[in-house]
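Just so it is clear, none of the values below were taken in a lab; they were calculated from the coordinates. Small disclaimer: the values here were computed from a predicted structure and weren't measured. A quick note on method: Cβ atoms are made from the backbone with ideal geometry, for glycine too, and the neighbour counts reach across all protein chains shown.
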Amino acid sequence: MADPAFLPPPATPAMSRIAKRLIVLLGLLVVHGTVNADDYETFERKVRPLLVEHCYECHSAGAKTLHGGLRLDTAEGVRQGGDSGSAVVAGKPDESLLIETVRYDGDIQMPPDGKLDADDLATLTNWVRQGAAFPPSEQTEQARHGAIDFDEGRRFWSFQPVQRQPLPDVGGSDWPQTRLDSFVLAAMQRQGLAPTERADRVTLLRRLCFDLTGLPPTPAMVGDFVQDESPDAYRRLVERLLDSPQYGEKWGRWWLDMARYTDRTASWLYQTGQSHFYRDWVVDALNQDMPYDDFVRRQLATDLMPETEPSDLPALGFISLSPTYWKELKLPCEIIKVIVADEWEERVDAVSRTFLGLTVACARCHDHKFDPISTEDYYALAGIFASCRQVERPLVPEEEYEPVRRARERVAELEAEITKRKREKPLPTETIEKLTAEIQSIKASTPQYDMPMANALSEESLFVVRAGKTAQDGTKLEYRAQSRDLPAFIRGNPNRPGNIVPRRFLTVLAEQPEPYQNGSGRLELAESIVTEAAPLTARVIVNRIWLAHFGTGLVDTPSNFGTQGSRPSHPELLDDLAAHFIDSGWSLKQLHRQILLSATWQQSSSAAAESFQRDPENRWLSRMNQRRLTFEEWRDSMLMATDELTQVIGGPSIDLDANGNRRRTLYATVHRRDMSPTLMVHDFPDPTQHSPKRTPTITALQGLYALNGPLLLNQSQSLVTRLEREVPHDPAAQIDRLYWLLFSRPPDDRELRIGMQFLKPADNDSPATRLQQYAHALLVSNQALFVE
């Protein structure tokens with residue numbers, strides 16, 4: 001039989017040759033290779049603050065005396081090095097003089113006032129190992145002079161108002177089916193390109209099902225759609241899939257990538273809250289087509305909204321499931337303050353990147369080097385998250401929960417007493433037994449004692465204080481029922497407070513941002529995001545939906561709409577879609593309809609050679625992009641083919657590799673600090689941070705998993721079981737059934753001939769073994785991994 005192609009060909013580079021040459025000419029690279037906005041963001045958030053604090057006094061333009069001829073405040077300075085030669089060998093920290101120096105490994109030992117701590121050393125070492133990306137020095141120099149000009153900053157394209165755009169002239173073409181097609185066609189025509197023909201009906205059906213539900217069509221669906229000759233057959237199919245419960249599951253996982261969702265939070269939180277309530281809330285909200293502006297409000301502040309119910313509280317999981325860091329309270333409070341400030345930074349980063357497409361966290365230590373975001377702006381937002389606490393809250397009214405609360409408090413007191421008694425000698429066994437019996441009695445007599453709790457928030461501020469009079473006495477964490485404004489920490493260090501900054505919105509997005517007055521300000525922040533920042537917010541979410549459907553965004557840096565992000569390929573189209581999105585009541589399903597009913601999305605992915613030559617990256621959308629399935633889609637489609645998929649919506653998670661796990665992969669347990677190796681191998685996003693898009697990789701481990709992993713072995717055997725039940729003792733019919741189940745089509749003559757040849761009885765293999773091997777090969781073929 002033909003050797004199946006287990007892995008796809010290398011992806012087209014994301015940057016054209018011309019763009020690469022321009023980057024080199026402009027001096028945007030410290031080393032050979034390419035960098036992106038995320039590399040720069042990492043530098044600004046983690047590396048530059050270290051250089052500022054420990055190096056710039058002697059190695060920058062502002063140094064009174066430039067020591068050793070070395071500047072570390074520009075890309076050129078880092079690249080050229082100083083009197084002792086090159087400072088950095090990108091990708092090779094062990095060969096870099098800078099790393100040798102800060103490690104105190106050589107004759108030169110810096111900084112002179114003491115060696116950096118282990119975490120700082122690791123940050124610098126990793127920066128060099130990953131390519132030593134350093135932002136463009138010319139822009140950095142410009143940003144360093146004087147205060148931010150917010151009026152000038154507001155002129156940047158992503159901060160401008162949105163409005164419906166006039167349709168461009170496309171020469172009377174009858175190709176456009178929706179407004180967006182006219183914008184796409186006009187761009188094609190300017191590039192000398194023409195659209196590709198419409199994909200065939202089976203391809204469209206398969207593409208549509210995976211795009212909207214993450215599942216393949218059944219053979220019955222294929223037959224019904226192909227035979228339906230009514231002119232609105234495709235439109236009705238779109239509506240049917242948008243109304244499917246599986247729509248919310250597919251797009252819920254898409255949102256959870258950005259929300260850095262986890263089923264298992266840090267063990268030191270001592271919470272019993274059920275993370276899956278947030279996941280299920282997202283799925284339900286998307287299925288109901290909750291207006292996106294309300295979707296934003298509820299995730300930031302549903303508990304502060306007047307029209308809210310206890311069942312809405314899980315929405316707060318976006319913040320309450322945020323990563324938290326261990327705080328060893330025996331350490332001085334100066335250290336714990338830094339850890340807490342890092343947590344606030346994470347919240348600011350996740351919220352600003354997810355909803356606004358801005359890297360506000362880059363302004364923690366200094367004004368943003370590229371965007372009109374000041375340090376004061378950063379601390380105005382950080383104060384909001386410093387004024388709320390991660391807690392558990394019941395999914396019932398407070399009066400119903402009150403007896404449970406009292407019972408749990410009493411049990412906690414008794415358990416503390418038991419712990420205390422166990423330290424006594426001789427051991428007071430009788431007393432301990434009495435206390436234990438009382439605990440059991442309270443639990444048994446309290447209805448709903450074990451009621452589930454949602455991860456939520458309360459309006460409390462955290463203060464880090466000394467536990468005693470000296471630093472050696474350790475640290476105490478105090479939660480106070482009040483909001484707080486933070487000082488602007490000098491160079492991001494909470495032990496060097498500056499001026500107090502009132503909680504408010506970003507200056508560039510509000511003409512004169514007023515201080516928030518209502519509690520923490522979470523609800524006011526949400527309102528600002530969907531009102532004052534509505535044009536930006538709409539552009540960001542429209543672009544995310546577009547990227548999910550086409551594989552590339554109109555802006556290909558979906559979480560960076562600042563100056564270091566990509567410029568839109570079709571700016572008029574993005575504005576037109578964003579304006580219509582707002583006018584339609586922020587309906588995500590309406591946005592899906594616009595895209596899926598377009599001639600642009602319905603194009604074939606098989607285009608003429610000229611299309612690939614003129615536009616290899618398909619920036620101008622003259623064809624559809626092939627798409628590799630996510631691991632979730634691949635696994636779910638296998639379970640569906642074997643007729644073993646359990647399609648129950650919601651509920652607690654289950655270990656991915658647990659025996660008998662036949663649920664959709666959405667419900668596999670995500671453990672933030674002990675990730676499933678299977679998920680990690682297959683490009684699952686890191687649940688410790690916001691993930692704007694999946695980055696497909698091609699690795700040997702993926703190939704080995706496909707050949708030898710238990711999932712593929714079990715599913716190929718389950719396919720055999722289904723075939724022997726439905727079409728026993730008929731190899732030709734079994735091959736035909738396999739192709740319908742896996743590829744939504746019958747095999748062609750060549751494929752049937754190859755299959756029949758392979759399934760011929762062999763001396764050492766039983767027919768069932770040969771069929772299992774054949775099914776396994778089809779499961780890992782490109783046809784099973786890609787959507788045309």
For segment 60-216, what size does the Cα cloud have along each of its three principal axes, sorted from largest down, in whole Å? 73, 45, 29
Which residues' amide hydrogens lie under 5 Å from the amide hydrogen of MET453, considering only partners 5 or more residues apart or on another chain, with H built in the peptide plane? GLN274
Convert each backbone phi in segment 371-381 into a coupling constant with the Karplus relation 6.51 cos²θ - 1.76 cosθ + 1.60 (shift: θ = phi - 60°), then list the ³J(HN,Hα) values in order as whole Hz, x for Gly and Pro. 9, x, 10, 8, 4, 4, 4, 4, 6, 5, 7
Residue exposure sequence - TRP157, TRP546 - by fewest surrounding Cβ within 10 Å: TRP157, TRP546
Quick one: what are the phi-derived ³J(HN,Hα) couplings along segment 629-634, Karplus 6.51/-1.76/1.60 with θ = phi - 60°, whole Hz, x for glycine and proline? 5, 5, 4, 4, 5, 5
In Å, descending, principal axis extents of the Cα set of segment 539-697: 50, 35, 31
Given the chain, what whole percent of its Cα pairs are spread farther than 34 Å? 58
Only four residue types carry charge here, +1 at the Cβ of Lys and Arg and -1 at the Cβ of Asp and Glu. Report the dipole size of segment 396-451 about the Cα centre in Debye, rounded to the nearest 20. 420
Those chymotrypsin sites (Phe, Trp or Tyr not before Pro) from segment 321-408 that are DSSP loop and have at most 14 other Cβ neighbours within 10 Å turn out to be TYR325, TRP326
Potential lengthening between GLN177 and VAL648 on full extension [0.36 nm per residue; Cα-Cα distance subtracted]: 165.9 nm
Taking amide H positions as placed in the peptide plane 1.01 Å from N, state which residues far from VAL501 in sequence (5 or more) or on other chains have amide H under 5 Å from it. LEU486, ALA488
Does segment 302-441 classify as rounded, prolate or oblate by the C-alpha gyration tensor (a ≥ b ≥ c root eigenvalues; a/c under 1.5 gives rounded; else a/b over b/c gives prolate, otherwise oblate)? oblate
Can you put ARG48, ARG393, ARG179 in order of Cβ neighbours within 10 angstrom, beginning with the fewest? ARG179, ARG393, ARG48
Hey, what do the phi angles of segment 577-585 turn into as Karplus ³J(HN,Hα) couplings, whole Hz, using 6.51/-1.76/1.60 and θ = phi - 60°, x for Gly and Pro? 5, 5, 5, 5, 4, 5, 5, 7, x
Hey, how many Å between the Cα centroid of segment 172-238 and the Cα centroid of segment 301-345? 44
Over the alpha carbons of segment 708-787, what is the largest minus smallest coordinate on each principal axis, giving the biggest first in Å? 37, 31, 21
What residues qualify as long-range amide H neighbours of ARG663, i.e. H under 5 Å apart, gap of 5 or more or another chain, H built at 1.01 Å from N? THR646
Sorting LYS693, LYS476 on the 10 Å Cβ count, fewest up front, what's the list? LYS476, LYS693
